[in-house]
Amino acid sequence: MNDPRALAARVIARLQQDRGSLQRLLPWAEKQVEEQNRALLRELCYGTARFAPRLELLLGKLARKPVKDEELAALMLVGLYQLEYTRIPDHAAIAATVEAARALKLGHATGVVNGVLRNALRNKEALTRKLSGNPQFSSAHPEWLQQAIKAAWGDDARTVFTANNSNPPMTLRVNTSKTSRDDYLKSLAEVEITATPCEFSPAGLTLEQAVPVTRLPGFEDGRVSVQDESAQLAAQLLAPEPGEKILDACAAPGGKTCHLLELQPDIDLTALDIEEERLDRVIENLERIGGAAQIICADAAEPEHWWDGEQFDRILLDAPCSATGVIRRNPDIKLLRRADDIPELAALQSKILRAMWALLKPGGTLLYATCSILPEENSAQVARFVAETGDARDNTPQLLNDQPWGLPQEAGMQLLPGMHVGDGFYYAKLEKLATES
């Protein structure tokens, strides 16, 4: 099959069936279409996932009865996305989507597809008026997530929703051990790429328009990497010192691992992750920048299986989370995540945090980070840990006095998409107090 709309429908259906992510499914789909159709395929997959909560409500109003075939339903979502959000001429979008039904061996349903899409065109204004009061429709977020974000952030929730429904900027991290940000800006200008310095990350540059990494000067030589500004703050906050023994727990794909070495090459760094396949990315990134770290494939929650007993000076714990702060980059989160995932993730985060604390030297620093914007995974998690752990102190308030960014929380600090240039991220810098002997 090489029809981009049919393949997009198949990808969306698999996301809805919880059979993968865009990160895994899109490369599979791209191999099946001609190169000139890959941009369209990517746009249809990302766009349909981004607005799926809204499109599903539209489809519910347009279809005479529930659509039981999941690929057929997904194809109609792809069709509705084209009519609502792309510049593809309406008649071309409808004709091509009907043809895609045949590619999916759903020829018997071409009339249904045609009818639903033409009804969507005819009744667009009336449907929008009817659904405008529905929070899922207005926010383009599943109901549970819309309610969770509104409960956490009140009036700022609307800013978050708008940011989540937008295309993210492409942000670079200059390897300041190899070049300066100003010099790299000049290198970009020489190849007619426009960028502006990030406000908070001294190594960050935001591109005016995204470009393939192959166009970036010195990318293959490790002079620059792609990394969101909020994520770039992790290494800066951990502040490694020469000669220190440092653990990057849950390290894949290795962006923060590499940044630590770019800031301070003279450290004894261990990169840990539970997924061997994702550790391959860490190794690739280290090779590209010319950095070295000990690589361990193991579960951070069970250090008894891999830890040698020597404590670390600093630990970066970028904990597994709901990823609700990076929805604009990963819109399939709207389809993949469920409300009952949050307490399960919070329990896992708590287990890993307590396991990591035992590995930290007295006087050492643990930076707890997530790309979530939900308090259960962030401020509530860390506040409970500090309250229950006698030798733990939250040093984040001191950071907030020194840095002009981040929203103060009960514990730690939060960055929100839309309120900051970068993604939604949470950080808490914890010190392990030395106990009296």
(request) Could you please report the charge total around VAL421, scoring K, R as +1 and D, E as -1 over all other residues with beta-carbon less than 11 angstrom from its beta-carbon? (result) -4
(message) How charged is the neighbourhood of ALA103? Take every other residue with its Cβ under 15 Å from the Cβ of ALA103, and add Lys/Arg as +1 and Asp/Glu as -1.
(response) -1
(request) Enter the accessible area per residue of segment 347-437 (Å², integer; probe 1.4 Å; all protein chains in place). (result) 39
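So what is the accessible area of segment 1-136 per residue, in Å², with the probe set to 1.4 Å?
That works out to 51 Å² per residue.
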(message) Would segment 213-263 count as rounded, prolate or oblate if I go by the C-alpha gyration tensor, calling it rounded below 1.5 in a/c and otherwise prolate when a/b exceeds b/c, oblate otherwise?
(response) prolate
(message) What is the percent carbon and sulfur in the accessible area of segment 87-127, measuring with a 1.4 Å probe over the protein chains and ignoring ligands?
(response) 52
(message) Leaving out ligands and nucleic acids, and using a 1.4 Å probe, what accessible area per residue does segment 217-275 come to in Å²?
(response) 29
(message) Suppose the chain between LEU348 and ASP69 were pulled fully straight at 0.36 nm per residue; how much longer would it get relative to their current alpha carbon spacing?
(response) 96.9 nm
(request) Compute the separation of the alpha-carbon centres of segment 369-384 and segment 326-361 and state it in Å as a whole number. (result) 9
(request) For segment 11-73, give the percent of accessible area contributed by carbon and sulfur heavy atoms, probe 1.4 Å, rounded to a whole number. (result) 44
(message) Can you compute the helix-only [θ] at 222 nm over the chain? Use -39500 (n - 2.57) per DSSP H run of at least 4 residues, normalise by all residues, nearest 500 deg cm²/dmol.
(response) -14000 deg cm²/dmol
(message) Defining a contact as two alpha carbons under 8 Å apart and six or more residues distant in sequence, what relative contact order in percent does the chain show?
(response) 13
(request) Working from Cα positions, state the angle (0 to 90°, nearest 10) between the long axis of helix 229-238 and the longest principal axis of the chain. (result) 20
(message) At 0.692 mPa s and 37 °C, plugging the Kirkwood radius over alpha-carbon pairs of the chain into Stokes-Einstein gives what diffusion coefficient in µm²/s?
(response) 141
(message) Apply the a/c threshold of 1.5 to the C-alpha gyration tensor of segment 144-249 and tell me whether it is rounded, prolate or oblate.
(response) oblate
(message) Along the Cα→Cβ direction, 7 angstrom out, place labels at GLU34 and ASP266. What is the inter-label distance in nm?
(response) 5.8
(request) Using only Cα atoms, find the angle between the long axis of helix 90-103 and the longest principal axis of the chain, and express it within 0 to 90 degrees, rounded to the nearest 10. (result) 80
(message) Using 0.36 nm times the number of residues separating ALA434 and GLU208, minus their current alpha carbon distance, what extension gain do you get?
(response) 76.6 nm
(request) Mind checking the full-extension length gain between SER132 and GLU84? Use 0.36 nm per residue of separation minus the Cα-Cα distance, one decimal, nm. (result) 15.8 nm
(request) With the full set of protein chains in place, find how many percent of the accessible area of segment 286-349 is carbon and sulfur; take the probe as 1.4 Å. (result) 47
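The values are calculated or read from the model by the stated rules, or taken from the named source; none is laboratory data. Just so we're clear, the structure is a prediction, and the values are computed from it rather than from any experiment. Neighbour counts run over all protein chains shown; Cβ positions are idealised from the backbone, glycine included. Accessible surface areas use protein heavy atoms only, side chains included; no ligands, DNA or RNA. Shrake-Rupley method; radii C 1.70, N 1.55, O 1.52, S 1.80 Å.
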